[in-house]
Amino acid sequence: MKHENNCSCCRCCNPELADAKEKLSLKEYGWFAHYVTDDDSYPYGVNYHTHGIKENFNHSDFQIVFPIDPEVSHMILFNLINKIGHEKKTFEADKKYSKILGNDYLLTFIEVKEGNRKVLRLIVPGKDGELDEDKIHLNFKKQYRSND
């Protein structure tokens, strides 16, 4: 990931603190997430992804590339991980799931590479709830692009 010289993100300003926070999150919760907003290798320049889920929950890590509010992204991932940890739910690519974003929306995942590892990319549906790659609104379709 390339950062500008005047980058003020936590990782650039204080990498030791960032490492300590990540280690604490891994110890307390079993996972942590990075919200990267300047990654041109992803379709929207956003790469929000988890670490630790594979190792601590025996489940693929997650990724969101659609540019939604970081707090909303984190809430979605928190809900997914709670379902894995407490309800023993397993999420797989190319299947549709309900009751994650409320009762009205279905979600799906595709398997992609994030760095050198495979993750499940959550596909955010449009307002119409459409998820199918050939039917989803053009503004949402780029989520299906591979970054390989």
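The values are calculated or read from the model by the stated rules, or taken from the named source; none is laboratory data. The model shown is predicted, which means the values in this text are computed figures rather than measured ones. Methodologically, a virtual Cβ is constructed for each residue, glycine included, from the backbone with ideal geometry; neighbour enumeration extends over all protein chains shown.
Within the range 80-124, can you find the residues that are assigned to a loop (DSSP other than H, G, I, E, B) and in contact (Cβ under 8 Å) with a residue 60 or more places away in the chain?
Matches in the range 80-124: Val124 only.
Looking only at residues in the range 48-75 that are in contact (Cβ under 8 Å) with a residue 40 or more places away in the chain and surrounded by fewer than 17 Cβ atoms within 10 Å (Cβ to Cβ), which one is farthest from the chain's Cα centre (by Cα)?
Lys54
Among the candidates Asp39, Asp94, which residue alone is modelled with pLDDT under 90 and either within 24 Å of Leu138 (Cβ to Cβ) or surrounded by fewer than 11 Cβ atoms within 10 Å (Cβ to Cβ) (or both)?
Being modelled with pLDDT under 90 and either within 24 Å of Leu138 (Cβ to Cβ) or surrounded by fewer than 11 Cβ atoms within 10 Å (Cβ to Cβ) (or both) holds for just one of Asp39, Asp94, which is Asp39.
Considering Lys99, Lys83, which residue is at pLDDT 80 or above and surrounded by 15 or more Cβ atoms within 10 Å (Cβ to Cβ)?
None of the others qualify; the one that does is Lys83.
Could you please give the count of residues in the range 8-35 that are at pLDDT below 85, surrounded by 12 or more Cβ atoms within 10 Å (Cβ to Cβ) and either among the hydroxyl-bearing types (Ser, Thr, Tyr) or within 30 Å of Lys141 (Cβ to Cβ) (or both)?
Matching residues across the range 8-35 total 2.
Look at Asp132 and say whether it is in contact with a Lys or Arg (Cβ under 9 Å, 6 or more places away or on another chain) and either modelled with pLDDT of 95 or more or of a type in the set (Asp, Glu) (or both).
Judged against the criteria, Asp132 is not a match.
If you check Gly45 against the conditions, is it more than 22 Å from Leu101 (Cβ to Cβ), crowded, with 17+ Cβ neighbours inside 10 Å and either in contact (Cβ under 8 Å) with a residue 12 or more places away in the chain or more than 12 Å from the chain's Cα centre (by Cα) (or both)?
no
Name the one entry in Ile81, Ile110, Ile76, Ile123 that is among the hydrophobic types (A, V, I, L, M, F, W, C) and touching a helix residue (DSSP H, G or I) at 6+ places or on another chain (Cβ under 6 Å).
Ile123
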